Amino acid sequence: MYQYLESRVSQSVRDFLRRAYQLEIATLVVEQPPKIEFGEYALPIAFELARKLRKAPRKIAEEIVAGIGAVPGIAGFEVAGAGYINVRVNRAEAAGALAADQTPPVQQPAGKVLVEHSSINPNKAAHIGHLRNAILGDTFVRLLHFAGRDVDVQNYIDNTGVQVADVVVGFMHVEKKSRAEIEALASAPHFDFYCWDLYARVSRWYEEDKQNLAARAAALHAIEAGNNETAKIAELISIAVLRRHLETMERLDIEYDFLPRESEILRLHFWDAAFGKLKEAGVLTFENEGKNKGCWIMRRAGTAKTGAAESAGKSGESAETAEGAEKISEDDQKVIVRSNGTVGYVGKDIAYHMWKFGLLGRDFSYRKFFRYPNAHECWISTTPSDPEADSEHPHFGDVAEIYNVIDARQSEAQNTVIEALRELGHGEAADRYTHFSYEMVALTPRCAAEMGYELSEEEKARPWIEVSGRKGFGVKADDLIDTLIASARKEVDSRHPELSDAERASIATQIAIGALRYFMLKFTKPSVIAFDFKDALSFEGETGPYAQYAVVRATNIFRKGGLDADKFLSDSAGGLSADDLAKYLDGESGNGLWELWMAAAKTSYVVAQCIATTESAYLAKHAFQLAQLFNAFYHQHPILAEPDEARKKFLLATAAVVRRELMRVLAVMGITAPPVM
RNA sequence: GGGCCCGUAGCUCAAGCGGAUAGAGCAUCGGAUUUCUAAUCCGGUGGUUGCAGGUUCGAGUCCUGCCGGGCCUACCA
């Protein structure tokens, strides 16, 4: 509602400026006044136009206010201060629409959106860093769904890389286990935890004797080649760990549609197809000298093309320098194909992203992999020779827009992929490729010490300590979730001893997930989260449980009143006349209640902001503010004791509307409110 | 060396494209109608937005230079 009225105001003002001053304003700044008394929208446009029109800002504002005429849904425009134009909404009208849950139609961009997130190496348990990724990604998916977009959720599985190879080496060379023994372990609980420890042991084993690294290289080659014992072991490990990851994420209501694997990128020769096109377009060049001699390289993203510098006329290979393919300095070179002919990660990623946009001319084979309790099917890539390959699969890839939730450390690699697409002539695809970049989760030095990590003096002074999978140092996702549930369970037990064990367990789980998801969303993306159990385990103040509690309180009002909140809205709230609403919401006396209604009207506005900026912290902030306003309202108005029936009905409608919107916002964050708390 | 990011209250973080008196939570201090459960509410304390210039009606926000911190800069992924 708030969003819809804003676009109306914006449109009217732009129409007026065109009419009165022949001015085209592409994007009109519309702000929110600092105080509700000033109105719902504020336009600083007069300041901007003062110079252009050679008039005082206040004079311009007065002209706009005088000439703009009536705008549906808007009560009036007025000049404030030195030239602000404050806009007042027709409160009763807006509230009526909100109570009736009228959602104005919004035009939808065409085409499917692909969100890639999680992408955890399938060689050990997921940790808190992966949780931030998955929660950011899943929330973004929910935001897109809320906005009516068609979304595919993908989780890329690097099952042929060094990390999987290391655990394979661990089983085969350090623990000297047979395939049967590994299989038994893989089907036991917490296999991912077992691998977590083993991965750290292997890293130490490499350090003990560098000769041991030969085992890694051999394993890596065998895995890439496929069809051998080592590859089979790698497959069984990565599949088992992957299942564990899906189970962990399922605890947080995070689901995927498709799991593309690197093994299929290799087996189905995606790279060969991409390589041909890249060579043809001149994106890749063959390096004849220097440290990268014999490699196919491209320019690293972010490096200037002007770096001609002192490229002494040494280039004997005139063919390379012809046709504008200027020499890339060694520092600016990114190796895509190694001198031994194998392709690196960025190369595979280029091929994969060409597939995402439907530009590769090849496709995966698919088979069903994981069925969620709600019957949602998660598919995995496979080869045509797989007897389980299913031709009745959904159509993946070939999308209009993509978002890759990948931490900031990979932004250069991501940008290099984008550049490759652009240079291939797919500029429109490159423009719709968004690296959803966020900072890592680290541990506070105190938390690291609690985890048993020995800190140097220098480390103690640092703001955070980075987690390290190689050292086996970090907080595992399942452990954190268990700790949160146990902590919430203690609170629930003390507050609700009358409930059954199963009920208390279920409530504690909802609270734990609410706390965790909110915690990961409340920080803006560029902020490093210095993790600490004390903060993460907090259920008070700016937390998920605080917002859940507001919903529970609203629910309680209706339960005690013998009413159903949603039914009340659809049955009775329609009976609230515009006069009734105006009586309670208009004027100075209505400001407090109106502020709450207005906050509730902002859901779609906030969602649109979050999508446009790929920043879901606004969503968390909004949920908190709405809950905060509601809690104050709750305290101030004892609704069920209200003697005036008309006023009581209005207050109930207020609670019902806020409850509905708060539940919606929480749902977008992947948070549900328990029946009681 | 080059690229990207960060520096705001004691602590952790906010502050849409530059806008009205820089806001929350935690901590701390003091209060709250024995009520729709206090996982709540109300109030107090707490700021030269790292430093110095510049741009303009207006700068936490943009530009330049410093200071401090982080990440990236592999024929790893």
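The values are calculated or read from the model by the stated rules, or taken from the named source; none is laboratory data. Everything quoted here is computed from the prediction, not taken from an experiment. Don't worry about glycine lacking a Cβ; one is built from the backbone with ideal geometry, like all the others, and counts go over all protein chains shown. Accessible surface areas use protein heavy atoms only, side chains included; no ligands, DNA or RNA. Shrake-Rupley method; radii C 1.70, N 1.55, O 1.52, S 1.80 Å.
A:SER203 versus (1) part of a helix (DSSP H, G or I); (2) surrounded by fewer than 19 Cβ atoms within 10 Å (Cβ to Cβ); (3) modelled with pLDDT of 95 or more: which is the lone unmet condition?
Failed condition: (3).
Can you name every one of the strands (runs of 3 or more DSSP E) wholly within segment A:25-103 that holds 3 or more residues which are surrounded by fewer than 19 Cβ atoms within 10 Å (Cβ to Cβ) and in contact with a helix residue (DSSP H, G or I) (Cβ under 6 Å, 6 or more places away or on another chain)?
none
For a quick check of your reading of the model, give me the residue pairs whose first member lies in segment A:273-289 and is touching a residue at least 60 places away in the same chain (Cβ under 8 Å), whose second is part of a strand (DSSP E or B) and surrounded by 14 or more Cβ atoms within 10 Å (Cβ to Cβ), with beta-carbon atoms closer than 6 Å and at least 6 apart or on different chains.
Listed pairs, sorted by first residue: A:VAL283/A:MET298.
Restricting to segment A:252-265, count the residues that are farther than 30 Å from A:SER506 by Cα and either surrounded by fewer than 18 Cβ atoms within 10 Å (Cβ to Cβ) or of a type in the set (Ser, Thr, Tyr) (or both).
1
Filter segment A:595-632 down to residues that are open to solvent by less than 10 Å² (accessible area, probe 1.4 Å) and of a type outside the set (Gly, Ala, Ser) and give me whichever is farthest from RNA strand B (Cβ to nearest atom).
A:TRP597
Tell me the residue from A:LEU28, A:LEU23, A:LEU43 that is more than 14 Å from RNA strand B (Cβ to nearest atom) and either of a type outside the set (Ser, Thr, Tyr) or within 32 Å of the chain's Cα centre (by Cα) (or both), please.
The unique qualifying residue is A:LEU23.
Name the residue that is least open to solvent (accessible area, probe 1.4 Å), counting only residues in segment A:534-549 that are over 22 Å from A:ASP479 (Cα atoms) and near RNA strand B (Cβ under 8 Å from one of its atoms).
The qualifying residue least open to solvent (accessible area, probe 1.4 Å) is A:GLN548.
For segment A:213-235, name all the residues that are in a helix (DSSP H, G or I) and in contact (Cβ under 8 Å) with a residue 40 or more places away in the chain.
A:ALA215, A:ARG216, A:ALA219, A:LEU220, A:ILE223, A:GLU224, A:GLU229, A:THR230, A:LYS232, A:ILE233, A:ALA234, A:GLU235
Quick check on my filter: what residues within segment A:550-570 are among the β-branched types (Val, Ile, Thr) and surrounded by fewer than 19 Cβ atoms within 10 Å (Cβ to Cβ)?
A:VAL552
Looking at (1) open to solvent by 60 Å² or more (accessible area, probe 1.4 Å); (2) in contact (Cβ under 8 Å) with a residue 24 or more places away in the chain; (3) not in a loop (DSSP other than H, G, I, E, B), which is the only condition A:ASP398 fails?
(3)
Filtering segment A:69-98 down to residues that are away from RNA strand B (no atom under 11 Å from the Cβ) and in contact with a Phe, Trp or Tyr (Cβ under 7 Å, 6 or more places away or on another chain), which residue is farthest from A:ASP579 (Cα to Cα)?
The residue in question is A:LEU98.
Within segment A:236-251, is there a residue that is in a loop (DSSP other than H, G, I, E, B) and open to solvent by 20 Å² or more (accessible area, probe 1.4 Å)?
Scanning segment A:236-251, I find at least one residue that is in a loop (DSSP other than H, G, I, E, B) and open to solvent by 20 Å² or more (accessible area, probe 1.4 Å), so the answer is yes.
Would you pick out the residues in segment A:207-233 that are more than 15 Å from A:GLU175 (Cβ to Cβ) and open to solvent by less than 30 Å² (accessible area, probe 1.4 Å)?
A:ALA222, A:ILE223, A:GLY226, A:ALA231
With respect to A:GLU116, determine if the residue is within 16 Å of RNA strand B (Cβ to nearest atom) and of a type in the set (Asp, Glu).
yes
Within segment A:352-365, how many residues are surrounded by 22 or more Cβ atoms within 10 Å (Cβ to Cβ) and farther than 16 Å from A:LEU259 by Cα?
Of the residues in segment A:352-365, 1 are surrounded by 22 or more Cβ atoms within 10 Å (Cβ to Cβ) and farther than 16 Å from A:LEU259 by Cα.
For segment A:151-172, does any single residue satisfy the condition of being farther than 28 Å from A:GLY397 by Cα and either open to solvent by 30 Å² or more (accessible area, probe 1.4 Å) or touching a Gly at 6+ places or on another chain (Cβ under 7 Å) (or both)?
Within segment A:151-172 (the criterion being farther than 28 Å from A:GLY397 by Cα and either open to solvent by 30 Å² or more (accessible area, probe 1.4 Å) or touching a Gly at 6+ places or on another chain (Cβ under 7 Å) (or both)), the answer is yes, since at least one residue qualifies.
Taking the criterion of being more than 14 Å from RNA strand B (Cβ to nearest atom), touching a strand residue (DSSP E or B) at 6+ places or on another chain (Cβ under 7 Å), farther than 30 Å from A:SER577 by Cα and free of Cβ contacts under 8 Å to residues at least 60 places away in the same chain, would at least one residue in segment A:55-62 satisfy it?
yes
Can you pull out the helices (runs of 4 or more DSSP H) entirely within segment A:416-533 that have at least 2 residues that are open to solvent by less than 60 Å² (accessible area, probe 1.4 Å)?
In segment A:416-533, A:427-431, A:445-450, A:477-495, A:501-522 are the helices (runs of 4 or more DSSP H) which contain 2 or more residues that are open to solvent by less than 60 Å² (accessible area, probe 1.4 Å).
Restricting to segment A:633-663, what's the tally of residues that are touching a residue at least 60 places away in the same chain (Cβ under 8 Å), more than 22 Å from A:GLY541 (Cβ to Cβ) and more than 7 Å from RNA strand B (Cβ to nearest atom)?
Residues meeting the conditions: 11.
Of (1) closer than 24 Å to A:VAL283 by Cβ; (2) not in a helix (DSSP H, G or I), A:TYR366 satisfies all except one. Which?
Of everything listed in (1) closer than 24 Å to A:VAL283 by Cβ; (2) not in a helix (DSSP H, G or I), A:TYR366 misses just condition (1).
So that you can scan it fast, the table gives a plain yes or no per residue for (1) of a type outside the set (S, T, N, Q); (2) over 19 Å from A:GLN410 (Cβ atoms):
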| position | (1), (2) |
| --- | --- |
| A:SER119 | no, no |
| A:HIS130 | yes, no |
| A:GLY148 | yes, yes |
| A:ASP158 | yes, no |
| A:ILE182 | yes, yes |
| A:LEU185 | yes, yes |
| A:CYS195 | yes, yes |
| A:SER203 | no, yes |
| A:GLN211 | no, yes |
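So for segment A:566-589 (the condition being more than 22 Å from the chain's Cα centre (by Cα) and within 8 Å of RNA strand B (Cβ to nearest atom)), does at least one residue qualify?
Looking through segment A:566-589, none of the residues is more than 22 Å from the chain's Cα centre (by Cα) and within 8 Å of RNA strand B (Cβ to nearest atom).
The conditions are (1) open to solvent by 40 Å² or more (accessible area, probe 1.4 Å); (2) touching a Cys at 6+ places or on another chain (Cβ under 6 Å); (3) away from RNA strand B (no atom under 13 Å from the Cβ), and A:PHE369 fails exactly one of them. Which is it?
With (1) open to solvent by 40 Å² or more (accessible area, probe 1.4 Å); (2) touching a Cys at 6+ places or on another chain (Cβ under 6 Å); (3) away from RNA strand B (no atom under 13 Å from the Cβ) applied to A:PHE369, the lone miss is (1).
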